[in-house]
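K.L.:
Following this message is one structure expressed as structure tokens.
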Amino acid sequence: AAGGVDVRRYDDGARAFASRPPLTLPAHAGAALCMATAPCGHTVLVVTGGSDGRVVVWDGGGVAAAATADSPSPPAPLAALAGLHQSGVLALAAATLPAGGGALVASGGDDQALALVWLDARGAPAARAVLPAAHASAVRGVWTDGRELVSVGLDGELVGWRVGARGAPPVRAWA
């Protein structure tokens, strides 16, 4: 849905999506372009990136419960993060941090930037860092395990980064 993310329940037994209308999460001012998930605390975080440059964090358990309810109403997002990217978010990765430390979300965008957001165990933003010129062209893929980060851009570069302290931008390790 324009400006939202449609969530549909899949029925394993019927091998088809449920016939009910989808639950629409009001997530972005434009299309959702990518998503990632990570266990965090007692839930799974669902993270979406949109053409509006925003990253939105959802409680996956709340989304699943709303999508299967008889009278579904969309849950509020845990966080809607603006200002990470100037244009579309094209790539997302999320990783659980050790010892109940929450999660790390990495994003890459049309604007050639990499952004990191540290989330606490409830999924709320605790710190962020943006590296504006991580690539010479749009960032099309990211991966992280919470300590390392790898990105790939339309510039043809595959770059490894070290993730440092909360709020610090990643440091280039190799290319």
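K.L.:
Inside the range 66-108, can you point out the residues that are hydrophobic (A, V, I, L, M, F, W, C), farther than 22 Å from residue 4 by Cα, open to solvent by less than 30 Å² (accessible area, probe 1.4 Å) and at pLDDT below 95? Before the answer, list the steps.
P.N.:
Applying the first criterion (hydrophobic (A, V, I, L, M, F, W, C)) to the range 66-108 yields 66-67, 69, 76, 78-82, 84, 89-95, 97, 99, 103-106.
Adding the requirement that they be farther than 22 Å from residue 4 by Cα leaves 95, 97, 99, 103-104.
Retained after the next criterion (residues that are open to solvent by less than 30 Å² (accessible area, probe 1.4 Å)): 95, 97, 103-104.
Result: 97, single match.
K.L.:
Which residues, counting only those in the range 109-143, are under 13 Å from residue 171 (Cα atoms), surrounded by fewer than 20 Cβ atoms within 10 Å (Cβ to Cβ) and either among the charged types (D, E, K, R) or within 15 Å of the chain's Cα centre (by Cα) (or both)?
P.N.:
If the condition is that a residue be under 13 Å from residue 171 (Cα atoms), surrounded by fewer than 20 Cβ atoms within 10 Å (Cβ to Cβ) and either among the charged types (D, E, K, R) or within 15 Å of the chain's Cα centre (by Cα) (or both), then 129, 130 are the ones that fit.
K.L.:
Follow-up. Considering the range 100-130 alone, what residues qualify as being assigned to a loop (DSSP other than H, G, I, E, B), farther than 23 Å from residue 158 by Cα and without any contact (Cβ under 8 Å) to a residue 60 or more places away in the chain?
P.N.:
Just the residues of the range 100-130 that are assigned to a loop (DSSP other than H, G, I, E, B), to begin with: 100-102, 110-113, 120-124.
With the extra rule that they be farther than 23 Å from residue 158 by Cα, the set shrinks to 100-102, 120-124.
Of everything in the range 100-130, those that are assigned to a loop (DSSP other than H, G, I, E, B), farther than 23 Å from residue 158 by Cα and without any contact (Cβ under 8 Å) to a residue 60 or more places away in the chain turn out to be 100, 101, 120, 124.
K.L.:
Please verify whether the range 12-21 includes one or more residues that are surrounded by 20 or more Cβ atoms within 10 Å (Cβ to Cβ), out of contact with any helix residue (DSSP H, G or I) (no Cβ under 8 Å at 6 or more places or on another chain) and of a type in the set (Lys, Arg).
P.N.:
Let us first name the residues in the range 12-21 that are surrounded by 20 or more Cβ atoms within 10 Å (Cβ to Cβ), namely none.
Within the range 12-21 (the criterion being surrounded by 20 or more Cβ atoms within 10 Å (Cβ to Cβ), out of contact with any helix residue (DSSP H, G or I) (no Cβ under 8 Å at 6 or more places or on another chain) and of a type in the set (Lys, Arg)), the answer is no, since none of the residues qualifies.
K.L.:
In the range 139-151, which residues are touching a strand residue (DSSP E or B) at 6+ places or on another chain (Cβ under 6 Å) and without any contact (Cβ under 8 Å) to a residue 60 or more places away in the chain? Explain how you work it out, then say what you get.
P.N.:
In the first step, residues of the range 139-151 are kept if they are touching a strand residue (DSSP E or B) at 6+ places or on another chain (Cβ under 6 Å); the result is 139-146, 149-151.
Within the range 139-151, 139, 140, 141, 142, 143, 144, 145, 146, 149, 150 qualify.
K.L.:
Can you confirm whether the range 9-29 contains a residue that is out of contact with any Ser or Thr (no Cβ under 8 Å at 6 or more places or on another chain) and in contact (Cβ under 8 Å) with a residue 60 or more places away in the chain?
P.N.:
no
The values are calculated or read from the model by the stated rules, or taken from the named source; none is laboratory data. Not measured: the values here are computed from a predicted model. Cβ sites come from the backbone with ideal geometry, for glycine too, and all protein chains shown count toward neighbours. Keep in mind that these areas ignore ligands, DNA and RNA; they rest on the heavy atoms of the full protein, side chains included. Shrake-Rupley method; radii C 1.70, N 1.55, O 1.52, S 1.80 Å.
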